[in-house]
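The values are calculated or read from the model by the stated rules, or taken from the named source; none is laboratory data. All of these numbers come straight from a predicted model, not from anything done at the bench. As a convention, Cβ positions derive from the backbone with ideal geometry for all residues, glycine included, and neighbour counts pool all protein chains shown.
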Amino acid sequence: MKHTIAVIVENKSGVLTRIAGLFSRRSFNIDSLSVGATDNPDYARMTITVQGDRDVLEQVIKQLSKLINVIRVSELDASESVVRELAVIKVSADKESRSEIMQIVNIFRAKIIDVSHRSMIIEVTGDENKIDAMIQLLRQFGIKELARTGMVSMVRGARVIKA
Amino acid sequence: MSKMTGAQAVLECLKREGVDVVFGLPGGVLLPLYDAIYQSDIHHILVRHEQGAAHMADGYARATGKVGVCIATSGPGATNLVTGIANAYMDSVPMVAITGQVNTWLIGKDAFQEADITGITLPITKHNYLLRSAKDIARVFREAFFIARTGRPGPVLIDLPRDVTVDEVMFTWPEVNLPGYHPSFKAHEMQIKKAAKALMEASRPVIYVGGGVRYAGASKELYALATKINAPVTTTLMGIGCFPEDNPLSLGMLGMHGTKYANYAIQESDLILAVGARFDDRVTGKIASFAPHARIVHIDVDPAEVGKNVRVDIPVVGDAKNALEALIKEVGAKARGEWNEKIEGWKKDYPLRYIPDMNIIKPQFVIEKLCELAPDAIITTEVGQNQMWAAQFFVHKDPSKFISSGGLGTMGYGFPAAIGAKMGRPECDVIDVAGDGSFLMNSQELATAVVNDIPVKVAVLNNGCLGMVRQWQELFFEKRYSATILGRTSPDFVKLAEAYGAVGLRATKPSEVESVIRAALATDRPVVMDFIVSPAEKVSPMVPAGATLSEILELEWCDEAQACHLEKIYAQGRQEIYGQEGF
């Protein structure tokens, strides 16, 4: 089972280490982790995707809550949240393949952000499935390099997760 | 508000936190701090190894309930604290460890005696800090003490770069403001009601008590609850003394080397009320078959402990004292019943016992004699057989008077912990029950005890081996005693004590045990008592690792052939040390 949690932390050096250390020490599996400042620069927000059953999730949340620098931990219910990830993909592209790649880019509403004689860089955002699907389709052309941000997520509607 | 150096600010913080004694050892980067200590009235105990300082602070904290403080220099000084910090973390001991650090501009440059101690201690501290500015000293120290002693207590480390202690600062004492720290205290009323109902419905309840009751100071409330509903009480190693062991409701300790009747009671129970205990593997045995008929109520101040190791039917998050107080009000009195009778029967049928001997000292006999002659002493222990015998054969009545390394199982803990305990409670006799293996792990602190005139007593149960591991080898490794026979490699403990200026006493026969203990208690100097005990003795009963609690075995304490075999191995070495009369 995959779970997504939002963790509001103090925006200080060493906090990421504490969280990463906790996950490795307790053998929790992280699928994805992303972090960035919030509207309040004193706090940062992490979105963490973890694997495990309900008991594991409960332990993850409780253990994270024990860290002094962690302000808030919330589970984000997949059905009530929007989830986005960004990937940049450098793919081999020559005269013959370029137009076919551009078609795929259009279908996925992705963007081409760099072009050279032999390659192009594609930027795509979406949920994990969309990005996986896009990568799958681009493989035939030869993926030279790939970078993904990890997931960010937010609950739909009025509910707010803040410090 | 007044202007002072960072080092002076540190001492001002310690003073404001009510710290009267610190345990430490100086070093290069700590020169400014030690200069301030020199000019202050704080009592500094100079140790001979930083591990000793950490264990002393730990022993002091467990004996007094106050936050223990230890100090070590950067690099090796700091890393030498690590075992002591891990030990305090596993047993939830309130401690503040102060480490020196290289100047801030040298951090990360692999400077002389630099170690990333905040990184190293990340998983073994409740929280830690690397100070980068003198203006943060007061805030960080205040937070550190607050975090260390509240909620589930634990060690907090403060890494103090040299320049931070030299810089000048205007001292202010800020309020604690930690938006991410909310130690739970008051138990939820609904959960208390549910727990009370379950207790009243149960016909075979057992109260299972851990260190949480000790730290919450909830022994009185526990006693009131247990006697009100006539429920038997078993304690973990950390909970020893929370319930008086001479009370008929006491089941003593449970788990691997617990009593048979405690383990039977757990396995037959229909309701377990766990209070401040964490279902450790040494307690539960095989987890899948632990307490198969019982609903479980779990009171704990740390929400993360609830549901961590076992399924819990009624979780109660809160301080043990507060929760027990609430629970007492909710439950009605219950008379003794069939369950109590059944337990009485088990207690009669399966008492803790050993075979006394006229010629050779049984280690259990030494513990019984200590209990008889010093019933109110603070007992600290090392780890292994000595620890289990001290837990089993001393009648404990006060949790602050049994001090032992539970979670981490640190050999070498008991002696420095005894020194710390004695500093905190000088009016008490303090006795470290040790083995010949573990005592040597921190015996250098004899110098600390002697120089500072801290008259602790050490009772070495000298069996010439690393007894607990030897016991496992005998039982599970076909008597291949790999690296567990110490024999002649141990020093003469009497001479060792004397070399440090302490008193050394030896008993080689059961008839000498009492006079040695009396002599030790009568002197006001540190004493090492060397009890030459039976080498083949085993800790019994025992739940083999991975077995169910009810599969607890009564071991043959001392198998005749085994004894002869071991004697032969030891004899030569012992004669060299103790002369012919050694045996």
When the stretch A:126-163 is checked residue by residue, the ones that are under 12 Å from A:Leu86 (Cα atoms) and either within 14 Å of chain B (Cβ to nearest Cβ) or assigned to a loop (DSSP other than H, G, I, E, B) (or both) are A:Asp127, A:Thr149, A:Gly150, A:Met151
Filtering strands (runs of 3 or more DSSP E) wholly in the stretch A:27-124 for at least 2 residues that are more than 14 Å from chain B (Cβ to nearest Cβ) and more than 30 Å from A:Lys144 (Cα to Cα) gives A:70-76
Of B:Pro416, B:Pro375, the only residue that is of a type outside the set (Asp, Glu), in contact (Cβ under 8 Å) with a residue 12 or more places away in the chain and crowded, with 24+ Cβ neighbours inside 10 Å is B:Pro416
Among the residues of the stretch B:51-106, the number that are surrounded by 23 or more Cβ atoms within 10 Å (Cβ to Cβ) and not hydrophobic (A, V, I, L, M, F, W, C) is 19
*Does the stretch B:440-458 contain any residue that is under 22 Å from B:Lys362 (Cβ atoms), small (Gly, Ala, Ser) and either in contact (Cβ under 8 Å) with a residue 12 or more places away in the chain or outside the structural domain of B:Gln387 (by TED's automatic domain parsing) (or both)?*
no
Flag for A:Lys90 being farther than 25 Å from A:Asp39 by Cα and among the charged types (D, E, K, R): yes
Residue pairs within 6 Å by beta carbon, gap of at least six or interchain, first lying in the stretch B:501-519 and closer than 13 Å to B:Val456 by Cα, second of a type in the set (Lys, Arg) and in a helix (DSSP H, G or I), listed first then second, are B:Ile517/B:Lys369
Residues of the stretch B:93-118 being part of a loop (DSSP other than H, G, I, E, B) and within 14 Å of chain A (Cβ to nearest Cβ), in sequence order, are B:Ile107, B:Gly108, B:Asp116
Only one of (1) in contact (Cβ under 8 Å) with a residue 24 or more places away in the chain; (2) at positive phi does not apply to B:Gly307, and that is (1)
Among the residues of the stretch B:521-537, is there at least one that is surrounded by fewer than 20 Cβ atoms within 10 Å (Cβ to Cβ), within 25 Å of B:Arg353 (Cβ to Cβ) and either out of contact with any Ser or Thr (no Cβ under 9 Å at 6 or more places or on another chain) or not aliphatic (A, V, I, L, M) (or both)?
-> no
Taking the stretch B:286-300 and keeping residues more than 19 Å from B:Val233 (Cβ to Cβ) and either crowded, with 20+ Cβ neighbours inside 10 Å or hydrophobic (A, V, I, L, M, F, W, C) (or both) leaves B:Ile287, B:Ala288
Residue set B:Phe112, B:Phe23; condition at pLDDT 95 or above, among the hydrophobic types (A, V, I, L, M, F, W, C) and surrounded by fewer than 18 Cβ atoms within 10 Å (Cβ to Cβ); output residue B:Phe112
Checking A:Ser34, A:Ser79 in turn, the sole residue that is free of Cβ contacts under 8 Å to residues at least 60 places away in the same chain and of a type in the set (Gly, Ala, Ser) turns out to be A:Ser79
Criterion first (within 19 Å of the chain's Cα centre (by Cα), assigned to a loop (DSSP other than H, G, I, E, B) and not β-branched (Val, Ile, Thr)) does B:Gly332 satisfy it?
no
Requiring at least 2 residues that are of a type in the set (Phe, Trp, Tyr), closer than 18 Å to B:Pro426 by Cβ and under 26 Å from the mean Cα position of the chain (by Cα), the helices (runs of 4 or more DSSP H) wholly within the stretch B:3-72 are none
So for the stretch A:49-60 (the condition being touching a His at 6+ places or on another chain (Cβ under 6 Å) and within 16 Å of A:Asp31 (Cβ to Cβ)), does at least one residue qualify? yes
